[in-house]
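A quick write-up on the structure given underneath.
The values are calculated or read from the model by the stated rules, or taken from the named source; none is laboratory data. Since the structure is predicted, the reported quantities are computational estimates derived from the model, not experimental observations. Virtual Cβ from ideal backbone geometry, glycine too; neighbours counted across all protein chains shown.
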């Protein structure tokens with residue numbers, strides 16, 4: 001197999017993974033917006049610091065189990081949460 005063939009195959013895999021990641025992000029944001037709507041409907045606070053810390057610990061644990069930098073993955077996750085925050089503002093300005 002030539003260099004170009006090897007690289008092209010891996011690039012196609014990365015392209016597919018990019019699509020899957022964006023689809024999962026969209027799904028995550030959609031579910032989070034729905035959770036927020038339920039909380040508002042029931043007069044609950046949208047912020048639960050205890051739950052947030054549990055989620056961040058889960059993210060760090062999953063990262064370590066996957067041999068990834070836990071702090072780096074947590075930073076990425078904080079950006080994902082920002083997607084939700086921005087989406088929530090668009091739905092409920």
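For segment 70-93, the candidate set comprises residues that are modelled with pLDDT of 90 or more and in contact with a helix residue (DSSP H, G or I) (Cβ under 7 Å, 6 or more places away or on another chain); within that set, the residue that is farthest from residue 32 (Cα to Cα) is 70.
Residue 31 - would you say it is surrounded by 11 or more Cβ atoms within 10 Å (Cβ to Cβ) and free of Cβ contacts under 8 Å to residues at least 24 places away in the same chain? For residue 31, the condition - surrounded by 11 or more Cβ atoms within 10 Å (Cβ to Cβ) and free of Cβ contacts under 8 Å to residues at least 24 places away in the same chain - is met.
Only one of (1) surrounded by fewer than 11 Cβ atoms within 10 Å (Cβ to Cβ); (2) more than 12 Å from the chain's Cα centre (by Cα) is not met by residue 23, so which one is it? (2) is the only condition that residue 23 fails.
Report yes if residue 39 is assigned to a helix (DSSP H, G or I) and closer than 18 Å to residue 87 by Cα, otherwise no.
Yes, satisfied.
Residue under question is residue 4, and the condition is that it be outside any loop (DSSP other than H, G, I, E, B) and more than 15 Å from the chain's Cα centre (by Cα); does it hold? Yes, satisfied.
In this structure, does residue 49 turn out to be without any contact (Cβ under 8 Å) to a residue 12 or more places away in the chain and out of contact with any helix residue (DSSP H, G or I) (no Cβ under 7 Å at 6 or more places or on another chain)?
Against the criterion (without any contact (Cβ under 8 Å) to a residue 12 or more places away in the chain and out of contact with any helix residue (DSSP H, G or I) (no Cβ under 7 Å at 6 or more places or on another chain)), residue 49 qualifies.
Based on what the data block shows, is residue 61 without any contact (Cβ under 8 Å) to a residue 40 or more places away in the chain and in contact with a helix residue (DSSP H, G or I) (Cβ under 9 Å, 6 or more places away or on another chain)? In short, yes. Cβ-Cβ distance below 7 Å, separation of 6 or more or different chains: which pairs start in segment 65-78 with a residue that is farther than 16 Å from residue 54 by Cα and end on one that is assigned to a helix (DSSP H, G or I) and at pLDDT 95 or above? Short answer, once both residue conditions are applied: 69/63.
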